[in-house]
């Protein structure tokens with residue numbers, strides 16, 4: 001019912017939104033004398049603000065058609081490697097003969113499209129052969145395609161890593177830290193020749209018992225039945241994925257924005273001021289950010305509920321009790337990170353992260369108890385929140401160089417890094433993981 005009310009509200013605003021677009025277009029036309037008056041600028045700004053806050057934003061374009069390699073502009077093509085029901089394995093194919101480390105970036109399935117990692121991938125492209133999991137909006141997946149659970153997610157990752165083959169590195173951004181670690185653990189247990197050379201976990205909820213956030217507490221305070229009865233909705237019949245049970249993107253977005261509501265309101269008020277004042281650059285920065293941030297997708301209900309249960313309520317991975325059910329055979333396999341002995345590990349956390357707080361991701365190093373010490377690294381970045389771990393200036397200047405150095409240190413067959421590249425961004429080594437002093441927060445497993 002809630003989904004239908006949302007659709008009804010969106011449809012009822014179509015007329016006013018269209019009118020606002022017409023007003024904005026008219027009063028922004030340089031041939032209209034009113035566009036130069038204070039009243040005209042105010043009305044145009046009001047119309048654009050109204051249109052944007054009532055609009056449903058579609059999936060953004062990647063916009064990564066070019067990159068710079070060795071000081072030269074290189075074209076980038078989008079290549080679909082695998083098309084599965086809920087995900088496309090997308091390759092950013094660079095027009096170059098340079099042999100760089102092959103990296104699979106696993107984007108989160110947490111409400112936003114994979115394009116949220118545009119900045120992450122843009123910074124990786126000059127130095128890596130990049131692939132990404134481009135998740136599909138569950139609202140667009142027909143019910144006939146079946147369900148999608150956390151077990152299916154892990155199965156997808158295993159198949160992608162096997163397809164890409166040996167000499168692959170994997171980077172998990174936020175939510176996929178758990179399924180990525182599970183997939184690598186299962187491959188290690190089988191001594192799979194395609195297990196990745198390295199695994200980078202960025203701000204992921206490996207152990208949410210550590211330094212709990214508001215997100216963690218909400219998941220623990222309510223029974224799983226509450227989430228199933230309250231936030232899980234049915235996709236309306238007129239969508240391609242009609243009648244599918246999902247956790248709607250608009251609910252996830254509401255949760256994201258409520259955590260920093262004052263900041264979002266202030267940002268929109270500043271956007272209005274910039275429009276009135278004619279500050280086009282600042283206004284355009286706002287548009288670019290919120291065009292991405294407000295574009296959300298629905299999450300399959302079975303995946304969402306299993307993640308809440310396994311990761312946030314029962315903490316099965318850090319307890320050593322996580323089990324993967326093979327969607328094909330139906331067999332159960334224990335997920336044991338201590339089996340990982342050949343995949344180097346780098347964990348990254350942000351000092352101000354209010355989604356996956358400090359201590360939650362570095363726990364992965366503790367779980368990989370049989371991984372040699374010289375293959376374990378950790379980096380804690382000061383003065384960044386969750387988003388800043390994988391995007392922005394500090395990511396490009398302070399975090400990415402450490403990731404790049406880490407990956408190349410464990411890559412077996414790549415060409416040397418041109419000196420010119422090293423001069424642009426120095427290779428900085430991450431800190432080796434300290435098993436005795438790994439937590440800077442109180443850790444009391446419950």
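The values are calculated or read from the model by the stated rules, or taken from the named source; none is laboratory data. These numbers come from a predicted model, not from an experiment. Every residue, glycine as well, gets a Cβ built from its backbone with ideal geometry; the counts of neighbours run over all protein chains shown.
Worth a mention:
- Elements of the type strands (runs of 3 or more DSSP E) sitting completely within segment 119-212 and holding at least 2 residues that are touching a residue at least 60 places away in the same chain (Cβ under 8 Å), assigned by TED's automatic domain parsing to the domain that holds residue 382 and within 20 Å of the chain's Cα centre (by Cα): these cover 168-173, 198-202.
- Subset of segment 387-415 (residues that are under 21 Å from the mean Cα position of the chain (by Cα), outside any helix (DSSP H, G or I) and surrounded by fewer than 19 Cβ atoms within 10 Å (Cβ to Cβ)): 392
- The residues in segment 358-370 that are touching a strand residue (DSSP E or B) at 6+ places or on another chain (Cβ under 6 Å) and crowded, with 22+ Cβ neighbours inside 10 Å can be counted, and the count is 5.
- From 307, 329, residue being in contact with a helix residue (DSSP H, G or I) (Cβ under 7 Å, 6 or more places away or on another chain) and either surrounded by fewer than 21 Cβ atoms within 10 Å (Cβ to Cβ) or part of a helix (DSSP H, G or I) (or both): 307
- Residue match in segment 370-382 (condition: closer than 24 Å to residue 354 by Cα, part of a helix (DSSP H, G or I) and modelled with pLDDT of 90 or more): no
- Test: residue 26 is assigned to a helix (DSSP H, G or I), assigned by TED's automatic domain parsing to the domain that holds residue 271 and surrounded by fewer than 17 Cβ atoms within 10 Å (Cβ to Cβ): yes
- Matching residues, segment 242-260, being assigned to a helix (DSSP H, G or I) and either within 19 Å of residue 56 (Cα to Cα) or touching a strand residue (DSSP E or B) at 6+ places or on another chain (Cβ under 7 Å) (or both): 249, 250, 251, 252, 253, 254, 255, 256, 257, 258
- Residue in segment 58-78 that is closer than 27 Å to residue 284 by Cβ and at pLDDT below 90 present: yes
- Test: residue in segment 52-74 that is part of a helix (DSSP H, G or I), without any contact (Cβ under 8 Å) to a residue 40 or more places away in the chain and within 33 Å of the chain's Cα centre (by Cα): no
- Filter pass, residue 115 being surrounded by fewer than 22 Cβ atoms within 10 Å (Cβ to Cβ), touching a helix residue (DSSP H, G or I) at 6+ places or on another chain (Cβ under 8 Å), in the same structural domain as residue 393 (by TED's automatic domain parsing) and within 30 Å of residue 254 (Cα to Cα): yes
- Selection of segment 79-104 for residues being outside any loop (DSSP other than H, G, I, E, B) and within 23 Å of residue 302 (Cα to Cα) yields 82, 83, 87, 88, 89.
- Taken as a whole, the structure places residue 283 among residues that are on the phi < 0 side of the Ramachandran plot, outside any strand (DSSP E or B) and crowded, with 16+ Cβ neighbours inside 10 Å.
- Flag for residue 139 being within 30 Å of residue 68 (Cα to Cα) and surrounded by fewer than 23 Cβ atoms within 10 Å (Cβ to Cβ): no
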